[in-house]
Structure formats: structure tokens, C-alpha cells
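Engineer: Quick one: the structure is below, and I'll ask about it shortly.
The values are calculated or read from the model by the stated rules, or taken from the named source; none is laboratory data. Here the structure is a predicted model, which means the values were calculated and not measured. Note that we place each Cβ from the backbone using ideal geometry, even for glycine, and neighbour counts take in every protein chain shown. Surface accessibility is based on the protein's heavy atoms, side chains included, excluding ligands, DNA and RNA. Shrake-Rupley method; radii C 1.70, N 1.55, O 1.52, S 1.80 Å.
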Amino acid sequence: MIKLGVRKTRAGAARGPLAVAATALLTATALVALPQSAAHAADTLGAAAAEKGRYFGAAVAANHLGEAQYVNTLNTEFNSVTAENEMKWDALEPSRGSFSFGNADRIVNHAQSRGMAIRGHTLVWHSQLPGWVSGLGTSDLRSAMNNHINQVMGRYRGEIHSWDVVNEAFQDGNSGARRSSPFQDRLGDGFIEEAFRTARAADPNAKLCYNDYNTDGVNAKSNAVYTMVRDFKSRGVPIDCVGFQSHFNNASPVPSDYRANLQRFADLGVDVQITELDIEGSGSSQATSYGNVVTACLAVARCTGITVWGIPDKYSWRSSGTPLLFDDNYNKKPAYHAVLSALGGSDGGGGDPGNPGAGCTAVYSRAEVWGDRFNGRVTITAGSSAISNWSVNVTVTSPQKVSATWNGSPSWDGSGNVMTMRPNGNGSLAAGASTSFGFTVMTNGNTTPPSVGACTAS
């Protein structure tokens with residue numbers, strides 16, 4: 001039973017019933033925000049994720065919290081926040097023993113005022129360290145690391161659902177080795193275990209995560225992290241979750257074994273979280289990739305939530321790649337609609353994401369996967385007006401071939417690679433209503449997701 005009342009936070013601000021209820025609910029395994037009405041499809045990212053037992057968050061910068069569109073989009077769409085830079089070591093402890101919590105507190109207080117969950121990022125990391133840390137000897141560095149963890153986690157004790165305790169401790173490439181850093185070089189391999197044990201004592205109820213990038217598929221780096229986590233679990237070292245940053249682009253796309261990789265970590269007995277998601281690109285290709293990531297998370301029971309690394313493209317750390325769900329003017333991109341659809345939500349239409357004047361949207365998601373083939377699903381959603389017919393082009397990459405279809409009537413171009421799908425008794429849709437069709441792709445060694453074109457309605 002949740003008692004709704006008002007209590008004081010570390011900053012002395014009153015927390016009302018909404019924030020208290022959200023915090024109580026976040027102690028459960030699911031880590032979801034307040035329950036949403038199930039009377040209709042959820043129409044925001046956070047609400048749709050909550051209905052799936054998950055959170056959907058964004059990295060937040062304190063200096064944008066004075067911008068009305070930024071705050072409105074944050075408050076409307078997300079139910080979890082991560083401080084983008086404000087909880088890193090250089091921001092919190094610029095000189096030894098002297099802490100500056102102002103900007104971090106601003107983000108935490110805003111989240112609490114809206115009943116949002118909070119992820120902590122990050123306690124021990126080789127980057128964004130103030131210069132004084134690198135100059136310490138072994139004994140002083142161990143003392144400083146443990147004190148930093150204790151002071152930061154102690155300030156937010158009971159208020160943060162998951163902490164990235166150690167970040168990016170492994171090298172890129174095929175070695176699987178640890179990365180050189182002041183912590184690794186002076187404290188040795190044991191520094192990660194020590195950081196986690198210190199963190200457990202500092203806040204016994206927070207989920208303790210290891211977080212890294214380029215570990216999204218099965219490779220030497222993710223294998224090294226897997227080996228560490230398996231060892232920690234076997235010896236009782238307190239680790240509760242693994243974060244997969246999931247920064248993707250054309251040169252580093254969503255790996256075909258993304259879901260399987262998440263699942264193998266979950267099978268070790270830890271939660272998995274997608275912690276810094278952004279995907280460079282635009283249009284249907286970007287939308288498809290985002291949809292695939294969300295679908296993968298939903299398929300893994302212990303994938304407890306997703307955080308995108310920013311809100312509008314213009315504030316992204318790689319803004320030239322337009323990697324986020326909202327454009328510079330906070331308009332919802334095709335990727336937004338793909339994510340919402342994959343979460344089972346609906347924003348009531350508004351046309352194809354790539355063509356606001358269209359009368360329907362088409363969003364692809366990958367379903368079952370086998371060694372030589374996979375199933376795809378395309379969800380058709382009518383816009384603000386009813387439609388009586390629709391068509392969608394699906395293009396596969398040679399030597400792939402579509403071997404079966406259902407819930408639609410296909411026709412093909414001369415190459416056999418472009419399928420035009422039309423209704424098979426499911427053409428009439430009320431405003432905002434959805435239907436779907438599916439198909440099986442024989443990969444023939446190529447696992448590239450198909451490209452789904454615009455939905456045309458009449």
C-alpha cells in the first residue's frame with residue numbers, strides 16, 4: 001500500500017503525492033512511473049512505456065530547463081531523466097572534497113516535481129575528470145574514488161533508481177582488455193569491484209549498473225563485459241544491471257544480434273537498460289532502426305527501460321547527424337512515431353511521419369528471428385480521418401527474398417526486391433485505428449532490415 005503524503009527532500013523542497021507515489025513504485029522490479037489509463041492507447045512515449053512495464057527517459061541538460069518548448073516536451077513525453085553532464089565528476093567535485101550540486105539538484109528537483117524516475121550518470125569514468133584526480137597516488141586515488149561515490153550517492157540516497165557506477169572501462173577493438181585510466185593504472189582490475197561494493201553500502205536500494213558503448217552486439221568487448229558480470233554474480237559482487245549506450249549510425253548500425261545480446265546478459269540475472277540511445281539518419285530508415293531497438297527491449301523481460309540521449313536534434317552531442325526523436329523545432333520525426341508504435345501507443349495519426357499530408361502511417365518492427373530468416377511486421381495507422389484503402393512499399397536488399405506474407409495482398413516489381421502491399425480485407429480503418437501485415441524474409445546471409453516506404457491512403 002502506498003501512503004500519499006508530503007516529505008522533505010535533501011534540498012528541502014516539498015514532495016507531493018505524485019512524486020512520493022512514483023518513488024514508491026520505482027522500488028518494484030519494473031521501475032515504471034505512475035499507472036496510466038488503459039482505456040485507450042497511450043499517446044506519449046512515457047505513458048506507452050509504462051503500460052509495458054518500462055520507463056522511457058531522456059538525457060536532460062540543466063541549462064535548457066528555462067526553455068519552454070524543451071520543458072514542455074520533457075514533461076509531456078518522458079517519465080525518466082538522466083543528467084547529461086551534471087552528475088559527472090568534473091561537474092560535482094571540481095576540486096578535491098569541494099562539491100557543487102546546484103545543477104544536478106535542479107534536474108533532480110524538476111524530475112521529482114513531475115513524478116519522474118531518475119537515472120544517475122556516472123560515478124567512476126576516465127573522461128570528464130578534473131585534473132586533480134589524475135595527479136593522485138594510489139592510496140589517495142582509492143580514498144578519493146570511494147569518497148566521491150559516498151558523497152554523491154549519499155546526497156541522492158533513495159531518490160535515484162539506477163546508477164552507472166562505472167562507465168566505459170573496457171577498450172574498443174578485439175582485445176577485450178581494460179582501458180587505461182587513472183583508476184585502472186593505479187588501482188588495477190579490482191577498482192570496478194571496489195566501486196560497486198562502495199556503491200552498495202552508499203545506497204542499498206539503488207540498482208547498480210555497469211555502462212558501456214560498442215557492446216550492443218556480441219563482440220570481443222561485450223564478451224569481456226559479460227565475463228566480468230558473470231564473475232561478479234558468481235562471487236556475490238553487487239551488480240544489478242548492465243547499460244547499453246546504443247549510439248548508432250550508418251557505419252555502426254543496430255546489430256542483428258542486438259536482442260540476443262541483451263538476452264544473454266539478462267540470463268546472468270541482471271537487468272539490462274538502453275541508456276544513451278541515439279541513431280543518426282532521417283526518415284523511414286532511422287525510424288525502422290529506432291523501432292527495432294524498442295522491439296528488442298520489449299522482447300527481453302529484464303530490459304527495464306530506454307533513455308534517449310537528448311530531446312531535440314539541435315542539442316544532441318552529434319547534432320549534425322540528426323539522431324533524436326524531435327527535430328530542431330520539436331516536431332515529432334518519423335522515428336518518434338516508430339517508437340510510439342513499437343511501444344503499442346498511438347498519437348492519433350497526423351499522417352505518414354515522412355509526409356504530414358498523408359492519411360496513414362506505416363511503421364516497421366522486426367518480430368521472430370531464426371538463423372536463416374526473420375519475420376517483419378508493418379503497422380498501418382489511419383490519421384485524423386477514416387480511410388478505406390492503403391498501400392505500402394517494402395524493399396528488401398538482395399540476395400534477401402520474401403518467402404511468405406500474411407494479412408495483405410502483395411505485388412512485385414521486376415527485380416523481386418520491392419513488394420507493394422495492399423489490404424486483404426483490412427483496408428477500412430477508422431480515424432486513429434490500426435491494422436498490420438507481416439512477411440518472412442529469407443536472409444541468404446544478409447540481415448539488413450527492409451526499407452518501408454510511405455503509407456498511401458484513400
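Engineer: Based on this model, can you work out whether Tyr336 counts as at positive phi, hydroxyl-bearing (Ser, Thr, Tyr) and either open to solvent by 40 Å² or more (accessible area, probe 1.4 Å) or modelled with pLDDT of 90 or more (or both)?
Structural biologist: Judged against the criteria, Tyr336 is not a match.
Engineer: Among the helices (runs of 4 or more DSSP H) confined wholly to region 101-171, which include 3 or more residues that are in contact (Cβ under 8 Å) with a residue 60 or more places away in the chain?
Structural biologist: Helices (runs of 4 or more DSSP H) meeting the threshold: 102-113.
Engineer: Now for a different question. Which count do you get for residues in region 185-222 that are open to solvent by 60 Å² or more (accessible area, probe 1.4 Å) and under 25 Å from Gly173 (Cβ atoms)?
Structural biologist: 5
Engineer: Quick one: is Ala195 touching a Pro at 6+ places or on another chain (Cβ under 9 Å) and touching a residue at least 60 places away in the same chain (Cβ under 8 Å)?
Structural biologist: It is false that Ala195 is touching a Pro at 6+ places or on another chain (Cβ under 9 Å) and touching a residue at least 60 places away in the same chain (Cβ under 8 Å).
Per-residue answers, yes or no, for (1) within 12 Å of the chain's Cα centre (by Cα); (2) more than 24 Å from Asn85 (Cβ to Cβ):
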{"residue": "Gly243", "(1), (2)": "yes, no"}
{"residue": "Ser252", "(1), (2)": "no, no"}
{"residue": "Ser256", "(1), (2)": "no, yes"}
{"residue": "Phe265", "(1), (2)": "no, yes"}
{"residue": "Gly269", "(1), (2)": "no, yes"}
{"residue": "Ile279", "(1), (2)": "yes, no"}
{"residue": "Ala287", "(1), (2)": "no, yes"}
{"residue": "Ala299", "(1), (2)": "no, yes"}
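Engineer: Let me ask you something else. Please state which one of Tyr213, Tyr156 is among the hydroxyl-bearing types (Ser, Thr, Tyr) and closer than 24 Å to Leu277 by Cα.
Structural biologist: Sole residue among the options that is among the hydroxyl-bearing types (Ser, Thr, Tyr) and closer than 24 Å to Leu277 by Cα: Tyr213.
Engineer: Looking at region 111-128, is at least one residue under 19 Å from Ala58 (Cα atoms) and more than 22 Å from the chain's Cα centre (by Cα)?
Structural biologist: yes
Engineer: Could you count how many residues in region 297-322 are in contact (Cβ under 8 Å) with a residue 60 or more places away in the chain and closer than 25 Å to Asp271 by Cβ?
Structural biologist: So the answer is 11.
Engineer: Which members of region 320-333 meet the condition of being outside any loop (DSSP other than H, G, I, E, B) and crowded, with 23+ Cβ neighbours inside 10 Å?
Structural biologist: If the condition is that a residue be outside any loop (DSSP other than H, G, I, E, B) and crowded, with 23+ Cβ neighbours inside 10 Å, then Phe326 is the only one that fits.
Engineer: Collect the residues in region 278-319 that are farther than 17 Å from Asp257 by Cα, in a helix (DSSP H, G or I) and either at pLDDT below 95 or open to solvent by less than 30 Å² (accessible area, probe 1.4 Å) (or both), keeping them in residue-number order.
Structural biologist: Of everything in region 278-319, those that are farther than 17 Å from Asp257 by Cα, in a helix (DSSP H, G or I) and either at pLDDT below 95 or open to solvent by less than 30 Å² (accessible area, probe 1.4 Å) (or both) turn out to be Gly283, Ser284, Ser285, Gln286, Ala287, Asp313.
Engineer: Out of all the residues in region 399-448, which are in contact (Cβ under 8 Å) with a residue 40 or more places away in the chain and open to solvent by 40 Å² or more (accessible area, probe 1.4 Å)?
Structural biologist: Pro399, Lys401, Ser428, Ala430, Ala431, Ser434, Met442, Asn444, Gly445, Thr447, Thr448 - these are the residues of region 399-448 that are in contact (Cβ under 8 Å) with a residue 40 or more places away in the chain and open to solvent by 40 Å² or more (accessible area, probe 1.4 Å).
Engineer: Applying the selection to region 182-220, what residues are touching a strand residue (DSSP E or B) at 6+ places or on another chain (Cβ under 9 Å), over 14 Å from Leu262 (Cα atoms) and charged (D, E, K, R)?
Structural biologist: Asp189, Arg200, Asp203, Lys207
Engineer: Go through the residues of region 56-71 one by one and say whether even a single one is under 17 Å from the mean Cα position of the chain (by Cα) and either at pLDDT below 50 or open to solvent by 40 Å² or more (accessible area, probe 1.4 Å) (or both).
Structural biologist: Checked against the condition, which is being under 17 Å from the mean Cα position of the chain (by Cα) and either at pLDDT below 50 or open to solvent by 40 Å² or more (accessible area, probe 1.4 Å) (or both), region 56-71 yields no hits at all.
Engineer: Right, next: Output the number of the condition that Glu86 fails; it satisfies all remaining conditions of (1) in a helix (DSSP H, G or I); (2) at pLDDT 95 or above.
Structural biologist: (1)
Engineer: So, one more: Which of the residues spanning region 342-362 are under 16 Å from Phe56 (Cβ atoms) and either open to solvent by less than 20 Å² (accessible area, probe 1.4 Å) or at pLDDT below 90 (or both)?
Structural biologist: First pass over region 342-362, keeping only residues under 16 Å from Phe56 (Cβ atoms): 342-347.
Scanning region 342-362 gives Leu343, Gly344, Gly345, Ser346, Asp347.
Engineer: Which of (1) surrounded by fewer than 20 Cβ atoms within 10 Å (Cβ to Cβ); (2) under 28 Å from Phe56 (Cα atoms) does Ala104 not meet, given it meets every other one?
Structural biologist: For Ala104, the failing item is (1).
Engineer: Out of everything in region 449-458 that is assigned to a loop (DSSP other than H, G, I, E, B) and open to solvent by 30 Å² or more (accessible area, probe 1.4 Å), what residue ends up being modelled with the lowest pLDDT?
Structural biologist: Ser458
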